[in-house]
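For reference, the structure is listed below as structure tokens.
The values are calculated or read from the model by the stated rules, or taken from the named source; none is laboratory data. Just so you know, these numbers come straight off a predicted model, no measurement behind them. Note: ideal-geometry Cβ built from the backbone for every residue, glycine included; neighbour counts use all protein chains shown. For the accessible areas, the whole protein counts, side chains as well, though only heavy atoms, and no ligand, DNA or RNA atoms are used. Shrake-Rupley method; radii C 1.70, N 1.55, O 1.52, S 1.80 Å.
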Amino acid sequence: HLLKPGQRVVEAGANIGYHTVGMAESVGPGGRVISFEPVPELRRLLELNVLQNGVAGRVTLRAEALLDRGGPIEMLQDPILAGSAHLAIVHADGRYSRRLDAHATTLDAALAAEDAPVDLIRLDIEGSEMLALRGAERVIQRSPTIRLLFEWSPIMLAARCDPAAEAAWLAAHGFRFWRVERSALPWRRYRLEPLEAAALPALPHGEILASRTAP
């Protein structure tokens, strides 16, 4: 519902491509989706889904993790939940026993050769969402109508950054915030509940839309 034909989307944590395919269909043949997925077994399924759904011509797949810095990184993964892979931290849960070597980049570096604005950034990267946005500051600045849709878990974020400071940073860039909620209306699956930046650190795990204009 946030996308129109011809628009440009960036996503990190593409997983097997469920959202990738839907967004590629929404932007149409004249649009573009740039998808980052560093986990090899997920990326293989992502590539197959993009091909089999006929949207390969509008999707660019990237093997890097999207963060606030570039270079080699270590990731941890729950062997049972393949989509749980995240940037390794010292006090990670013991379930995350599989270690993966990956390469990280910033979105600003990945799109350094391009001047075109981005219309939507979608992030689901297990607590590193704000790190990825910090690495996208130039893209955000040159994209006045950009919208950010991201997983927001203060508990996961707090292991990597200060959630309150990150919410204030986004607000300083002109963003307003809406929590994605399930709708009680039978003909509408979701609704957007407006909230202040100061409320974000106390929220439970959920999805946040940030936009400079009302969606």
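Measure off 7 Å from each Cα along the Cα-to-Cβ vector at Arg69 and Ala88, then give the distance between these two points in nanometres to one decimal.
Here the modelled spin labels are 1.4 nm apart.
Using θ = phi - 60° and the Karplus form 6.51 cos²θ - 1.76 cosθ + 1.60, what ³J(HN,Hα) does each residue of segment 32-38 get, whole Hz, x for Gly and Pro?
Each residue of segment 32-38 in turn: 8, 10, 10, 10, 9, 8, x Hz.
For segment 132-137, in order, what is each residue's ³J(HN,Hα) by Karplus, 6.51 cos²θ - 1.76 cosθ + 1.60 with θ = phi - 60°, in whole Hz (x at glycine and Pro)?
With the stated coefficients, segment 132-137 comes to 5, 6, 4, x, 10, 4 Hz.
Along the Cα-to-C-beta direction of His1, a point sits 7 Å from the Cα; which residues of segment 182-204 have their amide N less than 14 Å from that point?
182-194
Once each part is reduced to its C-alpha centroid, what is the distance from segment 3-31 to segment 119-178 in angstrom?
Using only Cα atoms, the two centres lie 19 Å from each other.
Would you mind working out the magnitude of the charge dipole of segment 1-85 relative to its Cα centre, with +1 at each Lys and Arg C-beta and -1 at each Asp and Glu C-beta, to the nearest 20 Debye?
Dipole of segment 1-85, to the nearest 20 debye: 400 debye.
Amide H neighbours of Glu126 under 5 Å, counting only residues 5+ apart in sequence or on other chains, H built in-plane at 1.01 Å?
none
From the list (i) 33, 19, 17; (ii) 30, 18, 17; (iii) 24, 23, 18, can you say which value of semi-axes √(5λ) of the Cα gyration tensor in Å was derived from the structure given?
(iii)
Where only protein heavy atoms count, and the probe is 1.4 Å, what is the accessible area per residue for the chain in Å²?
That works out to 50 Å² per residue.
Given the whole protein assembly as supplied and a 1.4 Å probe, what does the accessible area of Leu195 come to in Å², nearest 10?
30 Å²
Sorted by average packing, counted as other Cβ atoms within 10 angstrom per residue and highest first, what order do 196-207, 166-177 take?
On the way: 196-207: 13.5, 166-177: 17.7.
The most tightly packed comes first, giving 166-177, 196-207.
Of Thr105, Pro194, Thr60, which is farthest on the positive side of the dipole of the chain, counting Cα position, with +1 on Lys and Arg Cβ, -1 on Asp and Glu Cβ, and the Cα centre as origin?
Pro194
Please compute the contact order of the chain in relative form: average sequence separation of alpha-carbon pairs under 8 Å and at least six residues apart, divided by the residue count, as a percent.
Numbers: 442 pairs, mean separation 36.3, N = 215.
Normalised by residue count, the contact order of the chain is 17 percent.
With all protein chains present, how much of the accessible area of the chain (probe radius 1.4 Å) comes from carbon and sulfur, to the nearest whole percent?
Answer for the chain: carbon and sulfur cover 54 percent of the accessible area.
Could you put Glu129, Glu193 in order of accessible surface area, largest first, with the 1.4 Å probe and the full protein assembly present?
Values: Glu129 5, Glu193 75 Å².
Reading off the accessible areas and sorting them downward yields Glu193, Glu129.
Need one number: nm distance between label points at Glu207 and Ala165, each 7 Å from Cα along Cα→Cβ, rounded to one decimal.
Going by the 7 Å Cα→Cβ label model, 2.9 nm.
Based on the Cβ-Cβ distance of Ala198 and Gln141, what FRET efficiency does E = 1/(1 + (r/R0)^6) give at R0 = 30 Å, to the nearest 0.05?
So, using R0 = 30 Å, E works out to roughly 0.80.
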